[in-house]
Each structure stands twice: as structure tokens, then as C-alpha cells.
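Visitor: Submitted below is the structure of interest, expressed as C-alpha cells.
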Amino acid sequence: MAEEPKTSAATPQATAAVAQTRERPDAAEGRFAVEPPCAVVDRDFTIDDGVTRPVQILPYERQPGDPIYRPLRIFSLDPSASRLEGAEATVNVPYEPLDPGPVGRVFEVDDFDSTQQTHWGRVDLDRRVVLLSDGHDPSTSDPLFHQQMVYAVCSTVYAAFRRALGRHVTWGFAARGPDTPGAGRLRIRPHAFEDQNAYYDRTTGELCFGYFPAPKDVRGRTLPGGVVFTCLSHDIVAHEVTHALLDGLRAHFSEPTGEDVLGFHEGFADLVATFQHFSYREVVQAAIHRSQGKIEGASLLTGIAHQFGATLGSTKPLRTAFESAAQGEPKQYRAGMEAHELGEILVQAVFEAALTVFRRKTAQYVRLATDGTGRLPEGELPIALQNILGEQASKLASHFLAICIRAIDYCPPVDLDLGEYLRALITADYDLVPDDRWAYREALIDAFRHRRIYPPNVTSLSEESLRWQCPELSVKTILELNFAHLQFEGDPASPADAGELRRQAIALGAVLGCPQNLKQFGLARAGDPALGGDSVSLPRVQSIRSSRRIGPDGQIVFDLVAEVTQRRSVRAPEGMFDFFGGATVIIGPKGEVRYVIAKNILNEKRRDQQREFMRGAGQRYWKMHDGVITPVANAFKLLHKPVLPIPVEEPGS
Ligand SMILES: [Zn+2]
């Protein structure tokens with residue numbers, strides 16, 4: 001295993017930043033033919049309402065004189081953790097003025113309890129005494145603290161997405177009313193109902209957290225019969241808000257079209273929760289201390305939802321990011337696995353890659369501290385080494401979290417396979433950091449390979465063949481989308497207004513909606529014989545977003561990321577159902593089409609797989625009504641509560 005970066009030549013950081021800046025596209029020199037766009041909006045393609053959502057809800061922009069942060073106290077794991085394990089942390093939340101609730105620009109906490117028909121009050125975090133004490137004291141019995149904690153954790157996760165993607169993140173649900181102020185905010189309900197469940201509800205734009213009495217045989221520090229609040233579990237809160245953020249980035253990933261797409265939602269939400277642990281200094285220090293520097297053995301860091309696991313009668317957390325090698329081969333990916341099991345495999349793969357890079361990066365410090373042997377002695381580590389390992393672990397976790405989030409922009413718009421996520425990870429990281437000195441990408445490929453997560457349609461697992469390729473397109477450049485023609489609100493991460501977003505969507509649709517281009521974007525025209533008599537809707541531009549990504553060496557990369565989708569109504573003997581195709585299109589600053597990541601709407605194999613899933617393992621996520629099979633309204637509620645019965649709708653109801 002390489003313990004040193006591959007290159008021995010010196011690379012000053014400024015040189016690294018400039019050198020890794022992307023080459024100018026040939027299109028700028030006019031080498032590629034530019035065809036005039038021919039498609040017309042509402043005749044050849046449509047534009048989704050979600051296209052203009054990025055300008056409807058904007059985070060607060062800091063004003064001169066504002067503080068940078070609002071420090072707030074939280075439970076860094078959950079109330080069952082010991083203070084010696086860093087159970088309480090103070091997090092710096094990006095500052096914004098808050099109304100009681102708290103109600104900010106992108107989140108509003110509304111503590112109405114549907115079971116008790118009670119409102120548990122509204123915490124005022126702008127009160128002077130509260131401001132001066134970093135918020136309310138952590139407490140299991142003070143609902144005002146619960147409101148503070150959900151706001152703080154959600155804001156921190158939101159900030160991680162914003163940083164990784166280089167833009168504001170938009171929610172995936174429609175605003176709750178056209179003229180209600182703040183109707184597009186994500187509503188967080190810390191005590192939504194009494195039940196052993198928590199979920200993101202995209203139909204109402206809410207995160208709902210339940211509470212329930214702990215069972216008599218509960219393990220650990222939780223009182224049997226005492227109340228367990230899911231809103232006080234850091235991991236559950238981070239997990240749920242990630243579902244909402246992911247839904248905003250890829251609306252079709254919330255459709256239960258296959259095991260992988262649901263497993264991905266679950267695994268990705270757990271990944272974010274796990275990597276967030278590493279941002280709490282108190283937890284990292286305690287974990288490094290207790291595990292003697294072996295972070296894989298630190299269940300404080302690698303365990304997900306400890307208290308919730310204890311309420312299920314287990315001594316272990318609900319899920320874990322690390323599986324001991326002593327148990328033999330890591331758990332292997334196979335078709336037909338349950339969503340949480342699949343998700344756990346994804347988490348363990350990414351965590352293994354992070355651990356490999358962590359060992360590479362810290363080997364030199366360990367050698368220094370062990371007279372060159374590299375073998376850590378029994379007993380306590382020197383404090384200085386603990387600090388270095390802690391810092392390195394936190395830094396690396398934040399790198400990996402950003403890599404995982406950025407890759408979403410490189411995922412196809414529908415029906416993701418876990419193997420395709422590996423391709424997205426590799427391409428997104430290569431685009432930003434071509435010079436991979438610590439071999440992050442090799443570590444990721446190896447970790448996915450160990451679990452047999454293979455992408456479809458690749459000839460080898462080399463980095464080069466895993467990167468998405470730019471297809472041979474008849475249209476290479478969309479001049480209207482050259483950054484020189486785009487209008488921003490001061491910064492390329494902020495589009496000017498709804499009209500500008502619509503203009504961009506029309507410019508894209510005008511090209512891909514041309515009959516001769518449809519196929520290249522995974523689309524089909526109505527009446528295409530390959531549809532076998534199925535009808536298709538017009539292609540729909542689902543989103544178009546700018547991104548400004550900043551790499552570790554300070555290099556900056558700008559792109560436009562768009563999704564186009566199309567609905568096919570499949571006639572099957574058991575009923576009619578929707579099947580989607582389309583593409584993610586990544587467009588560079590000169591308007592050049594860099595990647596088209598397509599899922600073909602004419603792919604019969606994929607259609608049959610979805611049909612199989614709907615009739616088998618995924619049956620409970622679908623319902624039949626008047627000969628039409630549609631997804632249930634809230635798949636996440638079911639997903640988080642595996643014991644619920646299959647919903648049955650009476651014919652004609
Ligand atoms: Zn989930």
C-alpha cells in the first residue's frame with residue numbers, strides 16, 4: 001500500500017490550483033459544429049415548476065456587522081451517550097436572524113404534537129440571555145432545547161451541502177401555498193406524533209420526528225419506560241434532513257423504482273450522519289482516546305443511532321459504518337437486498353475508503369511517534385498524537401462528505417444503481433481534483449470492488465473506464481448557456497431570477513427536444529415503434545443549476561447541471577405504471593456539453609426490473625387504483641417502519 005503521495009516533485013499550492021484548472025474546451029475555437037436548436041417549449045418539451053425553485057427560498061446573506069456564527073448546544077450523539085464520550089457539543093451554525101420557533105430562511109420549527117393536540121412552544125434563540133449562553137442547556141425534558149437541537153443539526157447539514165455543491169440547495173417539495181410567506185421552507189416537527197418512527201414527508205414538506213416509551217428491555221443508559229425522543233438523536237435528525245436535501249437534488253430518487261435507489265437514499269443519509277460525527281471535536285477526541293487511535297474501533301464515530309438501537313433490545317447501534325475484518329469478507333452486494341442492508345453496504349464501502357486514506361495520511365505521524373516502527377504501543381497514546389489523529393480524521397471526513405455530496409450532481413436523474421454512484425464519485429472528484437496525490441479514487445474503487453458493487457456497462461474497474469465519458473453528440477455546444485450569457489445575482493452560485501432560470505431551461509430544451517437529438521439524452525418521440533405501443537409524455541427539463549466548486553488546492557470549477565426526464569406509461573397485464581428515462585447534462589462555462597449521463601427510456605431490461613420489483617420486494621411501496629399502479633404517497637414513512645402492513649386500497653375507493 002502506498003504510504004506516501006505518488007509524486008515526489010514539489011507542487012506549491014498555487015501551482016496545484018492553477019494547474020488543475022480545467023482545460024479550455026475545443027468548442028471555444030469553433031471546432032465543433034453548432035446546430036441551430038429547433039425544439040419549441042410546450043410543443044416539443046416542457047419545463048417543470050421546480051426549475052424556478054432555486055430563487056424562491058434563499059438562505060440569509062450575511063450583512064456587515066452580523067456575527068459569523070450562532071453557537072448552539074446539542075447532543076452530539078444522543079442522550080444515552082456519556083459526557084465523557086463528548087455527549088454534548090457546541091456547534092457553530094451559520095448566523096441568520098431568527099423568529100421564535102426557530103424560524104429562519106430555509107427551515108421553520110413548528111412543534112405541534114398531533115397525538116397530544118398540543119403545541120410545545122417556540123424557542124426564541126435571539127433572546128439576549130439565550131444568545132449569551134449558546135442556547136438552552138441540553139435537556140431531555142425541555143421542548144425548547146429539542147427545537148434548538150433540530151434547528152442546529154439541520155442547519156449544519158445544510159451548510160455542508162451548500163459548501164460541497166457551491167450553491168444554495170433547493171427543496172424538492174412544492175411550496176405549501178402560493179402567497180404564504182416562507183411557504184417553501186422545510187418544516188421541522190420535533191414532536192410530531194407518538195410513534196417509533198421519524199421521516200421526511202415530501203407531500204407536506206415536513207420532517208416529522210416521533211417519540212415513544214422505551215421498552216422494558218432497553219439497553220444502555222435509557223430508562224425502561226422513559227420517553228425516547230427521535231429528535232434528540234443527532235443521527236436520526238441528520239439522516240432525515242439528508243433525505244430532504246437529496247430529494248431536492250434528485251426528485252426521482254424518491255420514487256420506489258428499485259432496491260438500489262431506495263438503498264441509496266438510506267445509505268447516503270447514513271453516510272452524512274456518520275461523517276458529521278467527525279465534525280464534533282469533543283466526540284472525535286473521546287473516540288481517538290478510547291480507541292487508541294484506531295478510529296475503526298470507535299463505535300462513537302462509526303455507529304449510527306445508538307439509542308434507537310438500544311430500544312430494539314440491542315447493545316449495538318442501529319447500523320454501523322465499520323464491519324470488523326475478523327468477521328471475514330465484508331458483506332457483499334447482491335440483487336434483491338433490503339434497502340437498509342444495501343444502504344449499510346454503501347456506507348461501509350465509503351467508510352473503508354476513508355479509512356484507507358486516513359492510514360496513508362497519518363502513517364508518517366505514527367512512525368514519528370513510534371521511533372519508526374509504525375506500531376502503536378499498548379495503553380494511552382501521547383496527547384500530541386491524539387490531537388493530530390483527531391484533526392486528520394475530521395479533515396478527511398469533511399473531504400469525503402464533500403466528495404459524496406458533489407457526486408449527486410453526476411448521478412443520472414432516475415433509477416440510480418449503486419455502481420453508477422461509484423462512477424459519479426470518480427468523475428466528480430476527477431473533475432475537481434485531477435491530481436489525486438493520496439489516491440482517494442483508488443481507495444473508493446477498491447472498497448466498492450470488495451463488496452462486488454460493480455457499475456453496469458463498463459469494461460474494467462480502472463479509473464479511466466469508470467469516469468463518465470462525453471458521448472458523441474450531434475450538438476457539442478449550447479451557445480445560449482455560455483457563462484458569458486448567463487445572469488447571476490452577484491455570484492455564479494446564485495441565478496438572477498425565475499425568468500433567467502426559465503430562459504436557461506428553454507435553451508437546453510430547444511436542443512435536446514429536437515427529434516434527431518432525443519436518443520442521445522435517453523428520450524424517445526411519441527409513436528416510436530420501440531415503445532411497443534406505450535405512450536410517452538414530452539421530455540421535461542426538471543432542473544438547471546449552476547455550481548461553483550472549490551477544490552482542496554483552491555482550484556475553482558464552474559458548471560451548469562441540468563436534469564431532463566420523460567415519462568413512459570407502460571401497459572402491463574397487471575396494470576399501467578410509469579417508467580422514467582432521461583439524462584443529467586453537465587455543461588461547462590463555454591456552453592460545451594461535457595457529460596450526458598443517460599438512462600434510456602427504451603431500455604426493456606430496466607423496465608422489466610422495475611416491474612419485477614413492484615410485484616415482489618417493493619410491493620408495499622406501490623398501490624393499485626383503477627388499473628393504474630402508482631407509488632404510495634410517502635415511501636420514507638414505510639421505509640423507516642418495516643413492520644407496517646402492505647397498504648391495500650379497495651377498488652373504486
Ligand atoms: Zn431513511
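All of the numbers you see were taken from the coordinates with simple rules; none came from a lab. Just so you know, these numbers come straight off a predicted model, no measurement behind them. Cβ atoms come from the backbone with ideal geometry, glycine included; neighbour counts cover every protein chain shown.
Visitor: GluC sites (Glu not before Pro) within the range 499-577: which are DSSP loop residues with at most 13 other Cβ atoms inside 10 Å?
Guide: Glu574
Visitor: Semi-axes of the range 73-249's equivalent ellipsoid from the Cα gyration tensor, sqrt of 5 times each eigenvalue, largest first, rounded to whole Å?
Guide: 25, 19, 17
Visitor: So which aspartates and glutamates pass the test for Lys316, namely a Cα distance under 18 Å, with those fewer than 8 places away in the same chain ruled out?
Guide: Asp78, Glu85, Asp217, Asp235, Asp270, Glu296, Glu341, Glu344
Visitor: Residues with beta-carbon under 9 Å from that of His306, excluding His306: net charge, scoring Lys, Arg +1 and Asp, Glu -1?
Guide: -1
Visitor: Taking a cut-off of 19 Å between Cα atoms, list the lysines near Lys361, but don't count ones fewer than 8 places away on the same chain.
Guide: Lys6, Lys294, Lys395
Visitor: Straight distance only, please: which lysines reach the Cα of Lys590 with their own Cα at less than 19 Å, same-chain residues fewer than 8 apart left out?
Guide: Lys476
Visitor: Then there is this: Run the dipole for the range 73-249 about the Cα centre, Lys and Arg Cβ at +1, Asp and Glu Cβ at -1, nothing else charged, and hand back the magnitude in debye, nearest 20.
Guide: It comes to approximately 400 debye.
Visitor: Set the Förster distance to 41 Å, then compute FRET efficiency between Lys605 and Thr203 from the Cβ-Cβ distance, nearest 0.05.
Guide: 0.85
Visitor: Using the Cβ atoms and a cut-off under 14 Å, what net charge is assigned to the surroundings of Glu323, where Lys and Arg are +1 and Asp and Glu are -1?
Guide: -2
Visitor: Report, in deg cm²/dmol and to the nearest 500, the calculated mean residue ellipticity at 222 nm for the chain, where each DSSP H run with n ≥ 4 adds -39500 (n - 2.57) and the sum is divided by the residue count.
Guide: Roughly -10000 deg cm²/dmol at 222 nm, from the helical runs in the chain.
Visitor: Once Rh for the range 36-85 is found with the Kirkwood sum over Cα pairs, what is the Stokes-Einstein diffusion coefficient at 25 °C and 0.890 mPa s, in µm²/s?
Guide: Rounded, D is 143 µm²/s.
Visitor: Could you pull the Rg and Dmax for the chain, using just the Cα atoms, both in Å?
Guide: Computed over the Cα atoms of the chain, radius of gyration and Dmax are 24.7, 77 Å.
Visitor: How much length is gained if the chain between Leu131 and Glu574 is pulled fully straight, taking 0.36 nm per residue apart and subtracting their Cα-Cα distance, in nm to one decimal?
Guide: In short, 153.5 nm is gained.
Visitor: Which of the peptides 503-510, 621-628 is most tightly packed, and how do the rest follow, judged by the mean count of other Cβ atoms within 10 Å per residue?
Guide: So the order, starting with the most tightly packed, is 503-510, 621-628.
Visitor: Distance from the Cα centre of the range 348-373 to that of the range 549-586, in angstrom?
Guide: 37 Å
Visitor: Next question. Along the Cα-to-C-beta direction of Asp49, a point sits 7 Å from the Cα; which residues of the range 533-557 have their amide N less than 20 Å from that point?
Guide: Hits in the range 533-557 for Asp49 at 20 Å: 537-545.
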